[in-house]
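Taking it in order: structure first as structure tokens, then the write-up.
The values are calculated or read from the model by the stated rules, or taken from the named source; none is laboratory data. Quick caveat, the model's predicted, so the values are computed rather than measured. Every residue, glycine among them, receives a Cβ derived from its backbone with ideal geometry; neighbour counts consider all protein chains shown.
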There are 2 protein chains.
Amino acid sequence: MLNDRCLEKYKDFALILKDSVRQVITKELQAGFNIEIKQDKSFVTSLDKKIERTLSEKILETYPNHGVIGEEFGETNPDAEFVWTLDPIDGTEELVSGLPTYGTIIALLYQGEPVLGLIDHSAFDLTIVGAKGIGVSCNDKQVPKLGKPSEIPRLYIGSRHQFIRGKDESKLFEIVSAKYPNLRCFCTCYGFTSLIQGQADIGFEYNLKIWDLAAIEVLVKEVGGDFVKIGEQTLESGLKLYGAIFGKKELVKGLLDLVLLFKLQQ
Amino acid sequence: MLNDRCLEKYKDFALILKDSVRQVITKELQAGFNIEIKQDKSFVTSLDKKIERTLSEKILETYPNHGVIGEEFGETNPDAEFVWTLDPIDGTEELVSGLPTYGTIIALLYQGEPVLGLIDHSAFDLTIVGAKGIGVSCNDKQVPKLGKPSEIPRLYIGSRHQFIRGKDESKLFEIVSAKYPNLRCFCTCYGFTSLIQGQADIGFEYNLKIWDLAAIEVLVKEVGGDFVKIGEQTLESGLKLYGAIFGKKELVKGLLDLVLLFKLQQ
């Protein structure tokens with residue numbers, strides 16, 4: 001059963017998870033870590049793996065009936081009522097190259113639907129956490145509802161690179177950036193963070209996974225924004241990719257129509 | 001006359017200027033500041049103006065024979081042998097909306113050529129400073145020369161918005177982002193900072209002004225990179241705009257050819 005009290009409890013637990021992520025990062029950044037390049041040419045480090053293992057163990061020790069879906073080690077009890085999704089380091093490329101915009105994303109699904117999200121930027125000492133019905137906070141301070149769009153709206157968009165995973169749909173990057181030329185592209189969950197705090201007006205991500213997008217889905221709805229999934233596809237490996245348009249309600253519908261029109265014309 | 005000793009002296013002076021910028025920012029952020037929207041719809045705050053006035057006064061008090069060219073208050077002695085260029089807040093839109101990626105850019109021109117550059121990010125407590133022949137440092141630590149390009153090179157690019165100042169050349173944004181889809185777009189001098197530190201491989205900016213680009217020209221050359229100006233134009237107001245391609249030598253030529261081809265076909 002899901003209620004506010006139980007979500008408050010899971011939120012506190014998510015913050016404990018965040019503390020253990022910070023401990024691993026501090027220790028490993030001092031000790032140095034190994035870098036590997038994955039089959040899809042993205043980076044993975046020993047740090048990503050250590051964080052995910054730490055989180056996964058803590059979750060299953062505390063809640064043996066819960067499930068875990070992680071970027072690095074796959075699934076445990078994926079059909080459980082409560083399932084945690086983990087992206088230990090979102091922006092491993094940034095971490096490896098020294099950019100501080102990387103982050104950790106944790107979400108909790110209840111019967112498959114995201115109900116809690118946490119995004120932590122250890123390099124900025126910045127944590128966004130929120131859950132369904134109980135709002136969002138940033139470093140313990142309540143995050144206000146999203147305001148009206150800026151006069152020249154700011155789009156936060158994933159890298160053009162994201163639009164050529166599987167088939168090349170980079171035309172979509174062009175169409176969307178033409179509609180919102182005042183764009184920012186951090187290529188990490190720092191974009192989510194900017195959106196939740198009203199620093200961007202609308203966000204567009206494409207070809208991502210559940211552990212990337214589950215947290216922002218809860219968070220953006222909790223600050224009064226919309227979140228719409230688009231472009232679901234299943235790769236040969238069985239991995240599901242999807243995209244999303246999210247942010248200030250006044251803008252989501254218009255961008256969605258633009259993207260759907262493109263998809264129809266394909 | 002210009003020599004290393006005199007550049008060391010100006011570098012020390014630039015760091016003193018940076019300290020006074022930080023003092024103004026700290027004070028004004030606490031006190032609150034006014035926001036105006038300029039004719040070109042960009043933002044300017046009372047903070048931008050206070051910083052530029054403070055810097056300009058300090059420079060002309062210390063070096064009465066020097067000139068100053070600033071974003072907010074125009075020129076004083078622009079034909080002097082030594083001229084300082086000032087962008088008090090690069091990324092005023094970020095500052096206003098709460099994003100920490102804004103910065104202050106200071107450069108020194110000798111007979112019209114940039115010989116010293118400083119970029120300061122007060123929110124990150126991060127200062128990049130360097131001068132011709134004496135290298136670049138980041139928070140007092142020597143910045144190493146740029147390494148080889150990444151396997152999937154990272155482009156740092158200005159916002160698509162930059163390509164529609166005056167005539168619409170946003171096709172150029174598309175062509176360049178298609179060549180380097182693994183892009184980052186901070187829309188502030190944080191992009192320069194990422195490039196100098198080797199976190200991006202190549203940078204592309206368009207339709208900017210001398211106070212935006214003079215510092216990065218010195219800094220990137222000092223860490224062993226190339227810097228090539230492109231697309232100079234003079235607006236009716238007499239203001240000169242230009243763009244630049246800069247970064248790791250292995251990549252600059254290829255991107256330059258792509259851009260020149262586009263310009264030829266116009």
How many residues of region A:151-184 are at the interface with another protein chain (Cβ under 10 Å from one of its Cβ atoms), assigned to a loop (DSSP other than H, G, I, E, B) and more than 15 Å from A:Gly203 (Cβ to Cβ)? The answer is 4
Exception for A:Lys132 within (1) under 30 Å from B:Ser122 (Cβ atoms); (2) more than 11 Å from chain B (Cβ to nearest Cβ) falls at (1)
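Could you list, in sequence order, all residues of region B:62-77 that are surrounded by fewer than 21 Cβ atoms within 10 Å (Cβ to Cβ) and at pLDDT 95 or above?
Restricting attention to region B:62-77, the residues satisfying the condition of being surrounded by fewer than 21 Cβ atoms within 10 Å (Cβ to Cβ) are B:62-67, B:72-77.
Answer for region B:62-77, where residues must be surrounded by fewer than 21 Cβ atoms within 10 Å (Cβ to Cβ) and at pLDDT 95 or above: B:Thr62, B:Tyr63, B:Pro64, B:Asn65, B:His66, B:Gly67, B:Thr76, B:Asn77.
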Would you say B:Phe246 is surrounded by 20 or more Cβ atoms within 10 Å (Cβ to Cβ), part of a strand (DSSP E or B) and away from every other protein chain (no Cβ under 14 Å)? yes
Out of everything in region A:32-82 that is touching a residue at least 24 places away in the same chain (Cβ under 8 Å) and in contact with a His (Cβ under 9 Å, 6 or more places away or on another chain), what residue ends up being farthest from A:Lys9 (Cα to Cα)? A:Glu81
Across region B:255-265, what is the total count of residues that are loosely packed, with under 12 Cβ neighbours inside 10 Å and within 18 Å of B:Ile202 (Cα to Cα)? 1
Take the residues in region A:128-150 that are outside any strand (DSSP E or B) and under 14 Å from A:Gly198 (Cβ atoms); name whichever of them is modelled with the lowest pLDDT. A:Ser150
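Yes or no: A:Leu29 among the aliphatic types (A, V, I, L, M) and closer than 21 Å to A:His161 by Cα? I'd like the intermediate steps shown before the answer.
Details: among the aliphatic types (A, V, I, L, M): yes; closer than 21 Å to A:His161 by Cα: no.
Answer is no for this residue.
Output the residues belonging to region B:25-41 that are more than 14 Å from chain A (Cβ to nearest Cβ), touching a helix residue (DSSP H, G or I) at 6+ places or on another chain (Cβ under 6 Å) and either assigned to a strand (DSSP E or B) or under 13 Å from B:Ala123 (Cα atoms) (or both). Talk me through it step by step, then tell me what you get.
Filtering region B:25-41 down to residues more than 14 Å from chain A (Cβ to nearest Cβ) leaves B:25-34.
This time we only want the ones that are touching a helix residue (DSSP H, G or I) at 6+ places or on another chain (Cβ under 6 Å), so: B:25, B:28, B:33-34.
Matches in region B:25-41: B:Ile25 only.
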What number goes with the only condition from (1) without any contact (Cβ under 8 Å) to a residue 12 or more places away in the chain; (2) more than 14 Å from chain B (Cβ to nearest Cβ); (3) surrounded by 12 or more Cβ atoms within 10 Å (Cβ to Cβ) that A:Asp12 does not pass? (3)
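Search region B:185-214 for residues being among the charged types (D, E, K, R) and in contact (Cβ under 8 Å) with a residue 60 or more places away in the chain, and hand back the single one that is farthest from the other protein chains (Cβ to nearest Cβ).
Step one: filter region B:185-214 for residues among the charged types (D, E, K, R), giving B:201, B:205, B:209, B:212.
Right, trim to in contact (Cβ under 8 Å) with a residue 60 or more places away in the chain and you get B:209, B:212.
Working: B:Lys209: 18, B:Asp212: 17 Å.
Looking at residues that are among the charged types (D, E, K, R) and in contact (Cβ under 8 Å) with a residue 60 or more places away in the chain, I get B:Lys209.
Restricting to region B:201-243, and then to whatever is of a type in the set (Val, Ile, Thr) and in a strand (DSSP E or B), can you tell me which residue is nearest to B:Gly158 (Cα to Cα)? Write out each step before concluding.
First, pick out the residues of region B:201-243 that are of a type in the set (Val, Ile, Thr): B:202, B:210, B:216, B:218, B:220, B:223, B:228, B:230, B:234.
Next, only the ones that are in a strand (DSSP E or B) stay: B:202, B:228, B:230, B:234.
Values: B:Ile202: 12, B:Val228: 16, B:Ile230: 14, B:Thr234: 20 Å.
The extreme case among them is B:Ile202.
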